[in-house]
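Working notes, beginning with the structure itself.
The values are calculated or read from the model by the stated rules, or taken from the named source; none is laboratory data. What you see is a predicted model; the values in this text were computed from it and never measured. Cβ: placed from backbone, ideal geometry, glycine included. Neighbour counts: every protein chain shown.
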């Protein structure tokens, strides 16, 4: 009996696999792209193809932001600072916790039986060579950050300007503090830094190249939302992603232009470090990026990435061999060990006690995690649509396992080597300067309390042969290390400037291409004028952020990354669910048409629209009815009253106690506890319905559904039971309706997934 069932299941799975293999991916991609809202026309020699909802809405929001920031710079700066503080205060746990969940998920997927499936047909080969592939994804994923923070971050953690700059400060010997500084840097630039790109790129490439779905962010939610991604819900997803991508790219552009300005000033002191000069640089680089993005992926972006990576490697190995090579090898190997030992603790650390700011001994820095970890996670998340889409675009033909190795393991190891070399050299310079007796006052001295001589780098360096890096600005530390190589210092500084410019251009052109693909429903070759428009918009937004920040430009850039990353974090949590469903469907374990809700929660008919007010204000009524149907009890009996009390009491207590808060302090906390009880009861009902009809899902999804949109969830659950009763009656009367497993046998459409 058991063997016969196994054979039947194998045959059923084989049929699903044959159906999957018979897809015409190329034709499907065109058809699915055109199912979204789109406008297509020609104007003279120029063609246009774009989604009007996504394009106009995102452009309107971005340009409104630009105008408001330019017109009200100080007010915008204050508002952005308040928003960033609020996010750190309220949502640190979410930013930190989700990164760990995503990392565990990808590691589990790597070791799963699904890891040998390809992003494309089973016999497809990768489009790009391994070398070109790695250089493109690394140049796009890391970009200017390695130059901006390569020396500055380890030194900043090692010797902070505050008395207690981080939790390691003044706790250990200097040698241990140096190792902790490298370890923190590894944490920010290692697995946790890349994981969000891996999730988006893998899911998007998998669904696009195996299912023929459009190469746009809405596709990531197809296993959950089904055909709804082709409507307004999909448009809203892509709009959010365009905004996230643009602000994430602008953060990198802003950091790059500040360092570029400093490097040019070091070479030519007549060119001052100023916001105006930085804006000029932005527009010069934007012009170069526009030329690159017009030439396309295989010519402009690919060649630029290869040149960028080559120059970066040359600089890194020059520093490696010209410095104490054996010391740097020790730093690299030792730091890998520390990273592996402490990654779990660091990964879950939220500075919970330090953020309170009330330590009796005062040994804390409440703002540290806000300036570092939260900024990084917000930056990476806001970049994830851009980098994830770009990586997906170049990953066709690779297996899941191969994809994870190249986008997670190798980039992390390369980043570790980079940070060990430049961070190790920076800390070595810092220690040498401290032992020589150099102080920060030497770089900014006064004579007779009248004449002021600032930025005396040359004089101090000529006297001592080293530099106290902790006294320098973030943008200066990199060039201090370059200039320490005496006769070759100027050459290395110029080479660094070239690399920064090219990385600058690579980020801008890749960002423009991805944004244009998003606004054009995933069109792999969006029209030229549209690419130019988005490149211009990137330059304008970066300009606005620099104008708003003024002397605090870095703070403004950090704020916008953290702010736009928060809403997208919620979306990313669902991509793990979508990825798992997608690989199981492609493996033939489950049928795309089975195990779904009868009606999508987001399919709002007139009937549903009319029901929403009642379900919102009196959810107990619907829940009591659902409970009676599940238990097959009489709706006119006393059980209805008991169920109504069970669901209604915590719901209305929440409302009443929130009102009473006006006169009774802290009673609102009891109110929130009552509301959580209501959500727990209601998600339990949803879980029972899901199990009765063999619907894919889990208790966490049930809880999130009821917390976020309980009126829509209740309506969906009611329709599920009603349709099940109708079909069971038909089945009893001899009418067979094949398809879905469970209490009824309706076959839902692909749209009926959530």
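Per-structure values
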read-out	value
Qualifying residue in region 725-740 (condition: part of a helix (DSSP H, G or I), at pLDDT 85 or above and surrounded by fewer than 14 Cβ atoms within 10 Å (Cβ to Cβ))	no
Test result for residue 591, free of Cβ contacts under 8 Å to residues at least 60 places away in the same chain and assigned to a loop (DSSP other than H, G, I, E, B)	no
Test: residue in region 290-309 that is surrounded by 12 or more Cβ atoms within 10 Å (Cβ to Cβ), assigned by the TED database to the domain that holds residue 134 and over 29 Å from residue 390 (Cα atoms)	no
Odd one out for residue 525, checked against (1) over 30 Å from residue 33 (Cα atoms); (2) surrounded by fewer than 23 Cβ atoms within 10 Å (Cβ to Cβ)	(1)
Selected residue [in contact with a helix residue (DSSP H, G or I) (Cβ under 6 Å, 6 or more places away or on another chain), farther than 18 Å from residue 618 by Cα and either in a helix (DSSP H, G or I) or modelled with pLDDT of 90 or more (or both)] from 713, 687, 697	687
Where residue 118 falls short, out of the listed (1) over 17 Å from the mean Cα position of the chain (by Cα); (2) over 16 Å from residue 407 (Cβ atoms); (3) touching a residue at least 60 places away in the same chain (Cβ under 8 Å)	(2)
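Residue-by-condition table, conditions (1) assigned by the TED database to the domain that holds residue 211; (2) surrounded by fewer than 15 Cβ atoms within 10 Å (Cβ to Cβ); (3) more than 26 Å from residue 416 (Cα to Cα):
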{"position": "76", "(1), (2), (3)": "yes, no, yes"}
{"position": "99", "(1), (2), (3)": "yes, no, no"}
{"position": "119", "(1), (2), (3)": "yes, no, yes"}
{"position": "161", "(1), (2), (3)": "yes, yes, no"}
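A quick yes/no check of all residues on (1) part of a helix (DSSP H, G or I); (2) surrounded by 24 or more Cβ atoms within 10 Å (Cβ to Cβ):
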{"position": "208", "(1), (2)": "yes, yes"}
{"position": "222", "(1), (2)": "yes, yes"}
{"position": "238", "(1), (2)": "yes, yes"}
{"position": "246", "(1), (2)": "yes, yes"}
{"position": "273", "(1), (2)": "no, no"}
{"position": "276", "(1), (2)": "yes, no"}
{"position": "283", "(1), (2)": "yes, no"}
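This table checks each residue for (1) assigned by the TED database to the domain that holds residue 695; (2) more than 20 Å from the chain's Cα centre (by Cα); (3) under 15 Å from residue 518 (Cα atoms).
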| site | (1), (2), (3) |
| --- | --- |
| 228 | no, yes, no |
| 232 | no, yes, yes |
| 236 | no, no, yes |
| 240 | no, no, yes |
| 244 | no, no, yes |
| 250 | no, no, no |
| 255 | no, no, no |
| 264 | no, yes, no |
| 268 | no, yes, no |
